[in-house]
Amino acid sequence: MSIRGVLPPAILLMGPTASGKTAVAMELSQRFPLELISVDSAQVFRDMTIGTAKPDAATLRQFPHHLIDLISPEEAYSAARFCTDALAAMADITARDKVPLLVGGTMLYFKALLAGLAELPQACPLTRASIDAQANAEGWPAVHAALARVDPQTAARLHPTDAQRIQRALEVFRLAGRPLSTLLAADRDRAPLYDFFAIGLLPTQRSVLHARIAERFDAMLKAGLEDEVLMLRHKYRLTPDLPSMRCVGYRQVWEVQDGTAARGEMRDRGIYATRQLAKRQITWLSNTLRPEPFDCLAPDLSAKVSARVGEFLT
């Protein structure tokens, strides 16, 4: 049911990697009074351009994006900070009689914005060190199994080697004494006051999306992804456990440059990791966020999405 006239409109454009979100967003921006807000946990890092598929300078001049190039790769960015930054940008856009268009593939950020954020405990270095020690001794799949015993709902949506999120979920349980899933479920009333229209770009054929992913990763390598990682390592004080260097593509190049992986395997490992990322994004879209779906492989995708956005804004 529409609540237009009571709450300001906002559009969410979600999709897995290589689903064509940027092209659709630019088409929408040409047709409607929209401003773009990036929902991408990798594009917030400065100087990380090739491996994040960040829009180039010409595109950004024509279609400015909020929440790009916010922090150094030495820093961390959270869903809580995203919500603060996104809501500030949305308020500014709305005040100028435009409509926020939030576009990206970081599904946790979308969920946090839609459902609100629970009051979670701050990071504790001692607790994290204890979890890391367990992972070093037993492996992350074993730590994932430990999480499943105390928070099966969170563990079910995490890959057994997703170290960063497994660590955080287990840390929250140990500090708060309650599962992360329980804390998040208790916080349904913090959603921002906007009339959201959520669009999901989903592939009808996974094999075609996989081919796109391979082509894009090859293009990144050709564009100089390895040199970009070398530049980042020279310019900043980075370690492989930082969120920036855990990003798909950067992690695989780092491992080759450190000698912990064979260079001949880098391409296949990068493509496989990107496919796994897309699989997780699709699961989020299908099972949790449930936007209005559009076939991202359809030749008339932009026209169909534009028609629905026109109906929403009417």
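The numbers here are math on the coordinates, done by the rules we state, and not lab data. Model, not experiment: these values are computed from the prediction. Backbone-built Cβ (ideal geometry, glycine too); neighbour counts: all protein chains shown.
Considering only L28, C296, G270, and ranking their Cα positions along the charge dipole of the chain that arises from unit charges at the beta-carbon of Lys, Arg, Asp and Glu, the one farthest toward the positive end is C296. The peptide list 47-54, 98-105, 123-130, put in order of mean Cβ contacts within 10 Å with the highest first, becomes 98-105, 47-54, 123-130. Report the local net charge at L147: Lys and Arg +1, Asp and Glu -1, summed over other residues whose C-beta lies under 15 Å from its C-beta. So the environment of L147 carries a net charge of +2.
Just how large is the dipole of the chain about the Cα centre, in debye to the nearest 20, putting +1 at every Lys and Arg Cβ and -1 at every Asp and Glu Cβ? Each step should come with its number before you reach the end.
Numbers: 37 positive and 34 negative charges, 87 e Å.
With Lys and Arg at +1 and Asp and Glu at -1, about 420 debye.
Sorted from greatest to least, the principal axis extents spanned by the alpha carbons of the range 202-314 come out as 53, 28, 28 Å. Positive contributions from Lys and Arg (+1) and negative ones from Asp and Glu (-1), summed over other residues with Cβ under 14 Å from the Cβ of N136, come out at -2. Over the range 125-185, the Kirkwood radius and the radius of gyration, each from Cα atoms, give a ratio Rg/Rh of 0.93. In a simple Cβ point-charge model (Lys, Arg +1; Asp, Glu -1; nothing else charged), the range 20-133 has a dipole of about 260 debye relative to its Cα centre. Just checking the listed ones, A137, A146, A223: in the Gaussian network model of the chain with Cα springs under 10 Å, the one fluctuating most is A137. Computed over the chain with a Gaussian network model linking Cα atoms closer than 10 Å, the most mobile of E138, E215, E74 is E138.
Could you work out the Kirkwood radius for the range 75-134, taking every pair of different alpha carbons, averaging 1/r and inverting it, reported in Å?
Details: mean 1/r = 0.0725 Å⁻¹.
When all Cα pairs of the range 75-134 are included, the Kirkwood radius is 13.8 Å.
Once you reduce the range 265-292 and the range 40-54 to the center of their Cα atoms, the two points are 17 Å from each other. Full extension of the chain segment joining R96 with V208 gains 36.3 nm, where the gain is 0.36 nm per residue of separation less the Cα-Cα distance. Between A185 and A76, what is the FRET efficiency for a Förster distance of 22 Å, r being their Cβ-Cβ separation, to the nearest 0.05? It comes out at approximately 0.30. Give the order of R280, R263 when sorted by the count of other beta carbons within 10 angstrom, beginning with the fewest. With the fewest neighbours first, R280, R263 line up as R263, R280.
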